[in-house]
Amino acid sequence: MKRRSFVKASLLTGAAGALIPKISMAAENHAKSGQEFYELRVYSLKSEQQQKSVEDYFQNEAIPALNRIGNKNIGVFTELKPQGQTKLYVLIPYNSWDDFITVQDKLANDKIYLEAAEPYLNAPAAEPAYERIESSLLKAFAHAPKLLVPEQKPRIFELRRYEHASEAAGKKKLEMFNDAGEIDIFKKLGFNPVFFGETLVGELRPNLIYMVTFDDMPAHDSHWKAFGSDPEWKKVSAIPDYADAKLVSRITSTMLVPAACSQI
């Protein structure tokens, strides 16, 4: 090996050796905190037949298989007022990082799942089960470490994504939720939050995503009106470092309703 190549390889090996313990320690600390991870999938569909195919897959194969390996409270949602064919939103909670990185291997060893899901998993190119899947990996907030399943009754869900201009702005917004009490304001006002997550991998980073739920659209509107006028929120949002103009580039709100197979 040439000296230059040897030195380069040595430096890379040394860097990796220094980084791996840090990653392992971070994962260990996260596990001790009890914070969950979430996979948020968005299925693009072109027809009602594809929608039925994906919903049937989750109802009959994916959710039972995920439940068998310890993944509970799988959420499956359609858009409340889609522009054309709805997209399908799927939320899969994981108890730990290890649960997330091993889930595909576990499913690959589940013969019941593989046999039942074969038509979906091996759908022909001429008749695909869906068009594409967009996936994001989220880490639960420190002050909302676990997903909360709302009461099982007719309701609507709001999925909100806050995009940030920089990683530093994203961390500051996390601080606002966790340490400045924004999560507590949501709970106090009856938003029934389902989860709060920081996006680790996914599109339009840096961003955070959370889900709240309401009985209907009038309840949605009245809750947000109450939030805007809440004294505690006014106090927090008046802090210069927490100004939306500094921390939030864009907010995307998607109104959803649970599919028949949803466990949320």
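Quick one: which of 100-109, 178-187 comes out on top by average Cβ neighbours within 10 Å, and what's the full order, highest first?
178-187, 100-109
Can you give the net charge of the other residues whose Cβ lies under 12 Å from the Cβ of Ser135, counting K and R as +1 and D and E as -1?
Here the charged neighbours net out to -1.
Shape call for segment 105-226 from the C-alpha gyration tensor, a ≥ b ≥ c root eigenvalues: rounded (a/c under 1.5), prolate (a/b greater than b/c) or oblate?
Details: a/c = 2.20, a/b = 1.62, b/c = 1.36.
Since a/c reaches 1.5 and a/b is larger than b/c, the shape of segment 105-226 is classed as prolate.
Would you mind counting up the charge near Tyr113? Only other residues with Cβ under 11 Å from its Cβ, with Lys and Arg at +1 and Asp and Glu at -1.
-1
Once a ≥ b ≥ c are taken as the square roots of the eigenvalues of the Cα gyration tensor of segment 190-264, is the result rounded (a/c under 1.5), prolate (a/b larger than b/c) or oblate (a/b not larger than b/c)? Write out the running numbers ahead of the final one.
On the way: a/c = 2.42, a/b = 1.21, b/c = 2.00.
Oblate is the answer for segment 190-264, as a/c is 1.5 or above yet b/c matches or exceeds a/b.
For every helix of n ≥ 4 consecutive DSSP H residues, a contribution of -39,500 (n - 2.57) applies; sum these over the chain, divide by its total residues, and give [θ] at 222 nm rounded to the nearest 500 deg cm²/dmol.
After summing the helix terms and dividing by residue count, I get -12500 deg cm²/dmol.
Within the set Lys72/Lys139; Lys172/Lys246; Lys72/Lys187; Lys187/Lys234; Lys153/Lys188, which residue pairs have Cα atoms separated by over 18 Å?
Lys72/Lys187; Lys153/Lys188
Excluding Arg250 itself, what net charge comes from residues whose Cβ is under 12 Å from its Cβ, given Lys and Arg +1 and Asp and Glu -1?
Values: positive: Arg160, Arg161; negative: Glu163, Asp244.
Overall, the nearby charge balance is 0.
For Lys153, Lys111, Lys172, Lys188, give me the order by solvent-accessible area with a 1.4 Å probe, most accessible first, ignoring ligands, DNA and RNA.
Values: Lys153 80, Lys111 165, Lys172 55, Lys188 105 Å².
So, going from the largest accessible area down, we get Lys111, Lys188, Lys153, Lys172.
The values are calculated or read from the model by the stated rules, or taken from the named source; none is laboratory data. Here the structure is a predicted model, which is why all the values come from computation and not from measurement. For neighbour counting, all protein chains shown are included, and Cβ atoms are generated from backbone atoms with ideal geometry for every residue, glycine included. Each accessible area value is taken on the protein alone, full model and side chains, heavy atoms only, with ligands, DNA and RNA left out. Shrake-Rupley method; radii C 1.70, N 1.55, O 1.52, S 1.80 Å.
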